Every structure is written in C-alpha cells, then in structure tokens.
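Inspection log for the structure reproduced underneath, given as structure tokens.
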Amino acid sequence: MLRIGNLSMPIDGDMDLLRRRAARVLGVRPGALGELEIVRQSIDARKKDDVHYVYTVELAMSGEASLARAASGRQVTLVERTPYAFPAVKRTSSLPPVVVGMGPAGLFAALYLARHGLPCTVLERGRDVDRRALDVGDFWTTGVLDEESNVQFGEGGAGTFSDGKLTTGTHDPRISAVLDTLVAAGAPADVKYSHRPHIGTDVLRQVVKAIRKELIALGCDVRFGHRLTGLAVRGGALAGAEVVGPQGPYLLTADALVLAPGHSARDTFAMLQGAGVPMEPKRFAVGVRIEHLQRDISLSQYGPAWEKLPPSDYKLACHLPNCRSAFTFCVCPGGEVVAAASEQGGVVTNGMSHRARDGENINGGLLVGVGPEDFPGTDALAGVRFQEQWERSAFQLGGGGFRAPAQRVEDFCQTRPSQGPGGVRPTYRPGVAWADLSRCLPGFVSETLRQALPLLDRKLHGFAAPDGVLTGVETRSSSPVRILRDETCQSPLRGLYPCGEGAGYAGGIVSAAVDGIRVAEALAAR
C-alpha cells in the first residue's frame, strides 16, 4: 500500500484534482491510479491569504516499491495495514458477562464480547435514547430534572449530548476498529480521516440505537431502568450484582461484571467505597463555558476564507505564574451550552452541537486543573465532594430552577457582576442569571482564569472579547475517582472489571470505547 502525504488542495478542490496531484507525485497518469482512500484531511490556516486543505491518501497499485523509491523526499511511503483482531476467547463460564452502563465503554465492551460468542446482560440505569432525548428536552424547557434520565444517565452516556467529537491523544490499534464500527452504525465516513472528527449529537443518537440493535441481534439482554445498587461477594470474588429495576430489587448471578458507570455515577462510587472496592481520588478540571459568535472565531482563525470553510474550533492552553494551567476543553462550534445536572440542587454545564454545527455561537470549556491537594479530605470521594460544593454554589447563585450564573468576559476580568448580555447571547437553557462567577468558583480557579484570558487572546484574537459570555460551572470534565484495576483489567475484587471514563481510564468517546474493547479482551481471555 502506498501512502502519499502533504497533498495541498484549494478549499474548493475536488476528488479529480486530488487524483491528479497524487499522480503527479508518483510520476504516473491519473488513470493509472487505483482507488484513492483519504486517511487524513486537515486545514492549513497559517497564512490567512493562502488557507488550504492538506490531504494524506493511500492506494494500492502494481510496482509500489519502485514508485516509492522513485518519489523524491518523504512524501511517499510504503505502509502495511494490520487490521485489528480480537484475541482467542478462553472464557468457559456458563454465566453471561454483565455490563453496567451504556456509554461508549459499556457499549463497546458488550458489542465485542457479543461479536465473539459472549452475549451479555446489559444494565442501564437511564432510559433508551429516544425517551431520554424527550426527558432532556423537558428539563431544558421547564427546569424539572429527572435524576435517572438526563444528560449524564441513559443510553449512549454523557457523550450523546455533546458534539460527538472523536479526537483522542492515544495511538491504540483499537481506534480503527472503533471508527469502523461507528461508521458501520451510521456515522459519517469522514470521521475516519478528518483532523478533528465529530459526529454531532443528532447523528450520534441514531448510531447508538444501531449499536443497541446489533447487541440484541447477537443475543444480549438489554435492560433499561435497571440500576446497580450492590455487589454480592464470595471468597474475594464477584458472585452477583444487586440491581433495582422497574419491578423492584433483584440479585443477578454473575462472575464477571464490566463496570462502566460514567463519570457522574456518584451513588455507585459511594456503594463501591462502602463495599471496600479499592479506589483513589483523581485529577480533573473545573471552570466555566465560554461563548463567542462563531463568525468572529472563524474569521480570526481562517481570515477572509472563513465563509467557505466549516466552522472553526480551537484548542488553547497556557501555564500561569501561580503554577496553575488553564486550557480549553470540548469545544463545540456552532453549538450551545447545555444544562448537564444529574442531581437536584446543583448546576452543571456542558457543550453540545449538531452535525451541521450551524448555530450562531461557539462554546468551549475554559478550565483549570484540580487535584487531591485541592479537595476537602483525603478519601476516594473527596473529589466528588469538591464538585458538589461548587455545583451547589452555582445553583444558589443562579436563583434556583437550574438557571445558571453567567457573566460577560470584561466584567469577569474587572471583578464586577454583569447586568446583562452584550453582543453575544447566552444559549444555556433553562436560562441564565447575570452574576459574579467568582462566587461559585474556587478562588484559585477565578484568579487563574482572569490571568489566562489575555494570554489566550494572544493565541486566538477575540478570545477575551468583552462581550464573550462565561457560564458556570463546568465540573464534570472527567471522573473524580479511579477504580483500581491490575494488568488483567480486574479490581482486587476478582470478576469486577472497572472500565471507561467513569472508572478513571479514559477521556472522551474514542478512548472510552477503546477501553471497553480492551476490557472485553481481558474478560474473554480469563
């Protein structure tokens, strides 16, 4: 297989032009090329008067070795693809594995077990994605929260109400398997090659349903509204799962349980702590959502060409003299800030956008890292209490009803409460209350963000524009705990397989799905 990189293309170029440029690099006629497969597409906007796409493609044709040798420079290389292969299944137990949680980690763990002859019992405390979407819509309209069906809990996990970003900092060989599975389930094909791929919350809901249908077709028993409440243990090993379902509590006999609870399953974390399952507090991040007009950010990123290109995003970070770092997270071009609470009395924000990313605003998390040294107490749930403290403060500052406190960037930097919006209108529903955000953030977080905003503005002009809107608080950037596991992916409680973002082993849709496959491999090999 030949790989050709660094193919520059105008923003209005087409596949015919791409073929001609690939053929020119190889020194052959375009008609001699086989089918081109795009493996990477990115935008080069370093020069605002010459914004263009850059492609990497692969193709198979005769004489590959000689063509690669003849090509000048390092633009052409020979590559050999090694498709992902699930290892041999050695599990002999007659009991079906149990998977708790239908976020990406749980879904992919169940899917790869079922595809290799181990159909599972799948438990999800929330509702199916269609019913869940209705419940979330009602919450955003009325401010009445369903604690079992919301942005955090339900089929698809927290990522279902996000941008559906598929970026990851890892290079695991399982990533290609994850992307292939998502595309086969209905995700756009460009998620396999885009520099910053995203599905969009509207399309992702359909993808999740397609995966659920495959699980059922493979023999899985999928149960919505069934919440894990305890573990039955015998001789230091798992013997069963205590569950509460629509008909009441029951014991599910099991010797292998994949625990993929999501980062907001605080009652599950408390149950595990009470059961003596080893856990530890983990670093995460706290801050706000920042909103700008999408056109302003796209213009700043791309210059005059911005209207011909997809809505831009950004990724910014800086280290401050106070030894803290601030960074952007989960940026949602053309999206909205959403109410993401899962408990009464606490405000939580997140970001979401549809596939088209056609909203007026862009938003992103603007966060500061926090760790056990910042938490009240030293036990495994100290980070949970830290989150709860600031979520309750935001709820009170917002005046109740899950209204979120908000502040203009200029007012925040000048430490004065805002009286209303400027040129950027907040998208958060059920609505915002204009306030002083320092009243619902740790002091060091407020100070770090004030110092960071002008520094980040140097990297992206307009980021600290006066009328930008800050909405608080964002506390659920990742799990506040890690459920310990060994090289077999098991807890010291044998048969318990902590998995995914909620267990502390992933950060985002792709890495959580990869961890689900990794845990499925370990369980199948036991």
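The values are calculated or read from the model by the stated rules, or taken from the named source; none is laboratory data. Since this is a predicted model, take the numbers as computed values, not measurements. As a convention, Cβ positions derive from the backbone with ideal geometry for all residues, glycine included, and neighbour counts pool all protein chains shown. The protein model used for the area step is the full one, side chains on, heavy atoms only, and it has no ligands, DNA or RNA in it. Shrake-Rupley method; radii C 1.70, N 1.55, O 1.52, S 1.80 Å.
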Check your understanding: Could you give the accessible area per residue of region 1-151, probe 1.4 Å, as a whole number in Å²?
Key -> 51 Å²
Study note, to complete from the structure: Along region 377-383, Karplus-curve 3J(HN,Hα) (6.51, -1.76, 1.60; θ = phi - 60°) to the nearest Hz, with x for Gly and Pro, reads x, 10, 7, 4, 9, 4, x
Study note, to complete from the structure: For the Ile11, Asp130 Cβ pair and Förster radius 41 Å, calculated FRET efficiency rounded to 0.05 is 0.60
Review point. Can you give the convex hull volume of the alpha carbon atoms of region 1-109 per residue, in Å³?
Key: 185 Å³
Check your understanding: Once you list every other residue whose beta carbon is under 15 Å from the beta carbon of Ala522, what net charge do they have if Lys and Arg are +1 and Asp and Glu are -1?
Key -> +1
Point to revise | For region 317-432, fraction of C-alpha pairs farther apart than 21 Å, in % | key: 49 percent
Check your understanding: Tell me, what % of the accessible area of region 114-165 is carbon and sulfur with a 1.4 angstrom probe?
Key -> 51 percent
Review point. Across 10 Å bins from 0, what is the distribution of all Cα-Cα pair distances for region 421-463, in whole percents?
Key: 22, 37, 40, 1
Check your understanding: How many lysine pairs does the chain hold where the Cα atoms are under 25 Å apart and the two sit 8 or more places apart or on different chains?
Key -> 20
Check your understanding: Under a Cβ-Cβ cut-off of 9 Å, what is the net charge of the residues other than Tyr505 that fall near it, where Lys and Arg count +1 and Asp and Glu count -1?
Key -> +1
Point to revise | Average projected area [Cα convex hull, region 287-371], square nanometres | key: 7.1 nm²
Check your understanding: So, by mean Cβ neighbours within 10 angstrom, what's the order for 178-184, 4-10, 363-369, 303-309 with the highest one leading?
Key -> 363-369, 178-184, 4-10, 303-309
Exercise for review: Which order do the peptides 317-329, 374-386, 26-38 take when ranked by the mean count of other beta-carbon atoms within 10 Å per residue, highest first?
Suggested key: 374-386, 317-329, 26-38
Revision key, fill the gap. Stokes-Einstein, Kirkwood over Cα pairs, region 225-265, 20 °C, 1.002 mPa s; D in µm²/s equals 196 µm²/s
Revision key, fill the gap. Compactness check, the chain: C-alpha Rg relative to the 2.2 N^0.38 Å globular estimate gives 1.02
Review point. So, by mean Cβ neighbours within 10 angstrom, what's the order for 338-348, 482-492 with the highest one leading?
Key: 338-348, 482-492
Point to revise | All Cα pairs of region 145-231, percent lying beyond 20 Å | key: 44 percent
Check your understanding: Of all the Cα-Cα pairs you can form in region 453-510, what percent are over 19 Å apart?
Key -> 56 percent
Practice item. Provide the per-residue ³J(HN,Hα) series for region 503-510, in order, calculated from phi with Karplus coefficients 6.51, -1.76, 1.60 and θ = phi - 60°, each as a whole number of Hz, with x at glycine and proline positions. Key: 7, x, 10, 7, x, x, 4, 5
